[in-house]
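Undergrad: My questions will all concern the structure given below.
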């Protein structure tokens with residue numbers, strides 16, 4: 001059966017259109033260029049100092065194209081044009097070389113997570129035909145803000161290329177796609193693999209796979225929906241750029257370079273993203289507890305002192321019914337409390353407000369809706385101004401100790417199954433409800449749209 005027939009048959013089986021995945025001729029760094037010199041973390045996690053260090057590391061580092069405007073700098077249209085010129089120069093000079101044959105790029109990431117355990121996550125990079133979110137082919141799970149979309153759209157207009165990929169998940173309950181991917185990866189020669197490392201010391205290995213094996217993997221996914229793990233802004237921006245090009249009679253922007261990983265991959269993990277709140281009136285412990293009273297109860301006694309609070313907050317996953325529990329830290333008093341929702345009051349309040357049962361059962365929803373919004377008056381659009389984020393308890397407490405913040409909120413991780421359930425129901429979580437680790441490196445492969 002040809003790929004088009006596979007997609008039509010699968011769409012009929014699911015009752016809606018399914019994802020159209022295809023191979024592509026990737027553009028990669030020349031073999032003699034050390035990847036550690038030229039790859040970079042995603043643009044939106046870099047500080048100004050980190051970006052400057054990467055620029056100085058190599059004139060061919062990915063940040064020269066992927067991050068035209070350094071963090072904190074004013075937007076500059078000329079910067080995007082320079083990025084596009086740089087990308088063209090790299091191709092013209094042979095720094096970047098296009099693969100001879102269409103294929104996929106297999107990516108293995110061996111990492112130590114915030115929990116201290118070592119794992120390996122396997123996925124691959126391919127092309128996805130863009131579909132409107134209303135078609136329910138590509139399923140999101142988080143709200144987005146407008147700011148980052150403007151920057152990425154300017155980069156698209158200048159480069160007409162995908163210089164990084166978004167992170168998608170696909171259902172593979174029977175393991176069929178993973179089996180094909182593992183078998184194909186096992187057949188690759190050692191020389192096909194190239195290695196790079198991120199700032200945490202995690203190992204990222206990538207190898208191009210072409211031919212029938214690559215086509216078979218892409219075809220196996222064409223009958224499935226896909227879920228956005230990381231890259232909601234990028235996907236919405238790609239849709240906007242596609243529509244711009246279509247209006248001009250050009251369909252070359254109809255695809256997006258994506259990284260795909262099985263929902264069942266043993267190396268797939270989600271960690272929590274903690275919240276740091278500023279710009280609100282100072283809170284005492286007594287006032288905080290009063291705010292909490294309608295929908296939350298305090299578990300145990302308050303803990304005082306940064307070291308004692310760090311131990312208590314690190315132990316949140318060990319609490320009974322961990323999905324209903326989170327920690328709150330008051331930096332002015334160096335005091336933390338563990339709280340859990342009062343049920344059924346909390347869930348009933350959220351479902352009455354239009355939340356699906358799956359969304360209402362998330363601690364992050366309860367935090368944002370019942371504490372941030374109802375008790376503190378922070379609406380969703382206020383999050384960008386008043387809420388910052390941290391990936392670990394120590395990092396969060398270090399930031400909170402600067403006294404720029406009035407409250408720290410610490411959550412347990414959202415489970416992968418919960419992400420899938422939210423997306424399947426058409427619901428969304430607050431921004432940065434999930435932290436898929438490790439991040440994907442930019443620079444493993446590029447894609448020139450329409451080529």
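Undergrad: Assuming a viscosity of 1.002 mPa s and a temperature of 20 °C, what translational diffusion coefficient in µm² per second does Stokes-Einstein assign to the stretch 51-175, Rh being the Kirkwood radius over Cα pairs?
TA: Value of D from the Cα-based Kirkwood radius: 121 µm²/s.
Undergrad: On to the next question. Relative to 2.2 N^0.38 Å, what does the C-alpha radius of gyration of the stretch 63-121 come to as a ratio? Two decimals please.
TA: 1.69
Undergrad: Shifting gears a bit: Between the stretch 321-371 and the stretch 210-254, how far is it from one alpha carbon centroid to the other, in angstrom?
TA: 36
Undergrad: For 125, 422, 306, what ranking results if the residue with the fewest other Cβ atoms within 10 Å of its Cβ goes first?
TA: Details: 125 23, 422 26, 306 17.
With the sparsest Cβ surroundings first, the list reads 306, 125, 422.
Undergrad: Suppose the chain between residue 315 and residue 101 were pulled fully straight at 0.36 nm per residue; how much longer would it get relative to their current alpha carbon spacing? The partial results should precede the final answer.
TA: Working: separation 214, 0.36 × 214 = 77.04 nm, distance 5.03 nm.
Extra length from residue 315 to residue 101 when fully extended: 72.0 nm.
Undergrad: Still on this structure, I have one more. Taking only the alpha-carbon atoms of the stretch 367-433, what semi-axes of the equivalent ellipsoid follow from 5 times the gyration tensor eigenvalues under a square root, in whole Å, largest first?
TA: They are 24, 16, 9 Å, listed largest first.
Undergrad: Quick one, can you get me the convex hull of the C-alpha atoms of the stretch 273-412 expressed as volume per residue in Å³? The partial results should precede the final answer.
TA: On the way: hull volume 13.9 nm³, N = 140.
Hull volume over Cα atoms, normalised by residue count, gives 99 Å³.
Undergrad: In addition: Which of the peptides 363-374, 311-322, 205-216 is most tightly packed, and how do the rest follow, judged by the mean count of other Cβ atoms within 10 Å per residue?
TA: Those peptides, ordered most packed to least, come out 363-374, 205-216, 311-322.
Undergrad: Provide the convex hull volume over Cα atoms per residue for the chain, in Å³.
TA: Details: hull volume 69.0 nm³, N = 451.
Dividing the Cα hull volume of the chain by its residues yields 153 Å³.
Undergrad: OK, next. On a C-alpha basis, how far is the centre of the stretch 15-49 from the centre of the stretch 84-128 in Å? Whole number, if you could?
TA: The distance from the Cα centre of the stretch 15-49 to that of the stretch 84-128 comes to 4 Å.
Undergrad: Once the principal axes of the Cα atoms of the stretch 342-400 are found, what is the range along each, listed largest first in whole angstroms?
TA: Principal-axis extents of the Cα atoms in the stretch 342-400, largest first: 37, 22, 17 Å.
Undergrad: Relative contact order of the chain: what whole-number percent is it, with Cα pairs under 8 angstrom and at least 6 residues apart?
TA: 24
Undergrad: A further question follows. Averaging sequence separations of C-alpha pairs under 8 Å and six or more residues apart, then dividing by the length of the stretch 273-412, give the relative contact order as a whole percent.
TA: 44 percent.
Undergrad: Mind pulling the angle between the C-alpha long axis of helix 3-14 and the longest principal axis of the chain? Nearest 10 degrees, somewhere in 0 to 90.
TA: So the helix axis and the longest Cα principal axis differ by about 30 degrees.
Undergrad: Please give the helix 232-247 orientation as an angle from the longest Cα principal axis of the chain, in degrees from 0 to 90, rounded to the nearest 10.
TA: The angle comes out near 40 degrees.
Undergrad: How far is helix 77-92 tilted, in degrees, relative to the longest principal axis of the Cα atoms in the chain, given as a value from 0 to 90 rounded to the nearest 10?
TA: Here the helix axis deviates by roughly 40 degrees.
Undergrad: Hey, what number do you get for the chain at 222 nm if only DSSP H runs of n ≥ 4 count, each worth -39500 (n - 2.57), divided across all residues, to the nearest 500? Spell out each step's value before the answer.
TA: On the way: 17 runs with 150 residues, N = 451.
Counting only the DSSP helices, I get -9500 deg cm²/dmol.
No value in this document is a laboratory result; all are computed from the given coordinates. Since the model is a prediction, treat every value here as computed from it, not as a measurement. We place every Cβ from the backbone using ideal geometry, glycine too, and count neighbours over all the protein chains shown.
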